[in-house]
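As structure tokens, the structure follows; a few thoughts come after it.
The values are calculated or read from the model by the stated rules, or taken from the named source; none is laboratory data. Note that the coordinates shown come from a computational prediction; the quantities given were computed from them, not determined experimentally. Glycine gets a Cβ as well: all are built from the backbone with ideal geometry, and neighbour counts include every protein chain shown. Each accessible area value is taken on the protein alone, full model and side chains, heavy atoms only, with ligands, DNA and RNA left out. Shrake-Rupley method; radii C 1.70, N 1.55, O 1.52, S 1.80 Å.
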Amino acid sequence: MGVWRQLRWRIVAAQMLVVLAGVVTLIVTAEALAARAVAPELLPAFEAAVVKALVVAALAAAVVGLGTSIVLVREILRPLRQLAASSRRIASGHYGERIAVPISDELRDVAQSFNQMAESLAQIEQQRVTLIGNVAHELRTPLAGLEGYLEGLLDGVLPNDPETISAMQHEVRRLRRLVDDLQHLSRVEAGQIILQPEVFDIVPLAQRIVSQLRPQLIEQCLQVAVAAPGEPLLVRADPDRTAQVLVNLVGNAIRYTPEDGCITIRIRGDASHAQIAIEDTGIGIPPEALPYLFERFYRVDPSRSRASGGSGIGLTIARHLAWAMGGDITAASPGIGQGSTFTLILPRAEPV
Ligand code: ADP
């Protein structure tokens, strides 16, 4: 029956059941006691008195039972109804929805968890909106550049020569890099990157990357320093992804270090992890920027890194890759102009 599925009627019925049990027990015990303890001639009067008392007590108990049921039902049902209404509002996109916290412990826990969930959903929604805004903003810069060149060409302000074409090509490359990075980022964040973990020595890999990147350097020095030279440091990770992360970190170090600066890749291992620290003597990072470095599109100095082609998502991708391999990346810097250290941490193949 539909009525019995409603909590309010079940609570009322429970209270009434208690009243009924009290009345029945009283009748039965009174009868049994009276038969033994009351003189037969007094029995009818005793029974009449018991019945009267019972009727009054049962009525009083029923009224109090009903009253408490109503209070209980209200206390439980009102927050539940509010919870249902708020869930529907959140489902339809009103992420600012919160519910009042009731007094009872259990319902308070439920309401607090609900409000926490609503808070997380609101944050995710905020991140989504910010992401769209950032993507639009990033696309606008190279597009505006291209549009400018095209208009210049059409108006005859710019000559149709290899220099103009190459400048346009530069903008197209920027667009392509951004779109590639975005695609990569969405795959990494969705956990769709397939890793092929292997056991390998991290030292030769770092050395290979250094020899690959050295031709890019003008005057900067770039060196590898190993804590235990001559000994392999075996890690369990995907070698290609590890190389990708290191190229990114060393590439950043090169980009943000002046020509007379130096970049050192320091490799050491502790009991369970290998640490590959990329230290530079470059422009450094202000302490207030450190917590945000790994966020999408974050740049310490937007004009500076945008000019050099950075989209601000390289570190986000790198950290996700490190996480996927069971490691991490940390950033440290004593301050502006004092260099920075980015450390890639990877699990050792054979913890010592
Ligand atoms: P970008 O493509 O802009 O370099 P990243 O995600 O790789 O984006 O880096 C984010 C920001 O972190 C950079 O814009 C830069 O401000 C800062 N950064 C990264 N590496 C270094 C470094 N070695 N020295 C100083 N700042 C750095």
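Amide H of residue 349 versus every other amide H placed in the peptide plane: which residues, excluding those fewer than 5 positions away on the same chain, fall under 5 Å?
Amide H neighbours of residue 349: 234, 235, 236.
Taking R0 as 56 Å, what FRET efficiency do you get between residue 147 and residue 10 from their Cβ-Cβ distance, rounded to the nearest 0.05?
Values: r = 69 Å, r/R0 = 1.24.
With R0 = 56 Å, the Cβ-Cβ based efficiency is 0.20.
Calculate one ³J(HN,Hα) per residue across the stretch 115-126 by plugging θ = phi - 60° into the Karplus curve 6.51 cos²θ - 1.76 cosθ + 1.60, and present them in order as whole Hz with x for glycine and proline.
Here the 3J(HN,Hα) series is 5, 5, 4, 4, 4, 5, 4, 5, 5, 4, 5, 4 Hz.
Need one number: nm distance between label points at residue 38 and residue 217, each 7 Å from Cα along Cα→Cβ, rounded to one decimal.
10.9 nm
I'd like the carbon and sulfur percentage of the solvent accessible area for the stretch 196-236, probe radius 1.4 Å, heavy atoms only, ligands and nucleic acids excluded.
Numbers: 1290 of 2550 Å².
Carbon-and-sulfur percentage of accessible area, whole number: 50.
Averaged per residue, what accessible area in Å² does the chain show with a 1.4 Å probe, protein chains only? Each step should come with its number before you reach the end.
Numbers: 21060 Å² over 352 residues.
Here the residues of the chain average 60 Å² of exposed surface.
Can you work out ³J(HN,Hα) from phi for every residue in the stretch 231-247, in order, using Karplus 6.51 cos²θ - 1.76 cosθ + 1.60 and θ = phi - 60°, giving whole Hz and x for Gly and Pro?
9, x, 10, 7, 10, 10, 7, 8, x, 5, 5, 4, 4, 4, 5, 5, 4
What FRET efficiency would be calculated for the residue pair residue 50, residue 104, taking the C-beta separation as r and a Förster radius of 41 Å, to the nearest 0.05?
0.60
What is the chain by shape, rounded, prolate or oblate, if you read a ≥ b ≥ c off the alpha carbon gyration tensor as root eigenvalues and call it rounded for a/c under 1.5, prolate for a/b larger than b/c, and oblate otherwise? Walk me through the intermediate numbers first.
Values: a/c = 4.80, a/b = 2.55, b/c = 1.88.
Note, shape of the chain comes out prolate.
Cα axis of helix 43-91 to longest principal axis of the chain: angle in degrees, 0 to 90, nearest 10?
20 degrees
What is the percent carbon and sulfur in the accessible area of the stretch 5-129, measuring with a 1.4 Å probe over the protein chains and ignoring ligands?
Working: 5990 of 8850 Å².
Answer for the stretch 5-129: carbon and sulfur cover 68 percent of the accessible area.
Do you know the relative contact order of the stretch 198-347, to the nearest whole percent, from alpha carbon pairs under 8 angstrom that are 6+ apart?
Value for the stretch 198-347: 25 percent.
Determine the gain in length on full extension of the stretch residue 260-residue 165; use 0.36 nm per residue of separation and subtract their C-alpha separation, reporting nm with one decimal.
Numbers: separation 95, 0.36 × 95 = 34.20 nm, distance 3.33 nm.
Between residue 260 and residue 165, full extension yields an extra 30.9 nm.
Can you tell me the FRET efficiency between residue 199 and residue 332 if r is taken as the Cβ-Cβ distance and R0 is 25 Å, rounded to the nearest 0.05?
Details: r = 29 Å, r/R0 = 1.14.
Efficiency, from the Cβ-Cβ distance: 0.30.
Which value in nm describes the separation of the simple spin-label points at residue 74 and residue 127, placed 7 Å from the Cα toward the beta carbon?
Going from the residue 74 label point to the residue 127 one covers 4.3 nm.
In what sequence, largest accessible area first, do 55, 235 appear using a 1.4 Å probe? Please list the in-between numbers first.
Values: 55 80, 235 0 Å².
Order by accessible area, largest first: 55, 235.
Please list, in chain and number order, the residues 5+ apart from residue 224 or on another chain whose amide H is under 5 Å from its amide H, with Hs placed from the backbone.
So residue 224 has HN proximity to 265.
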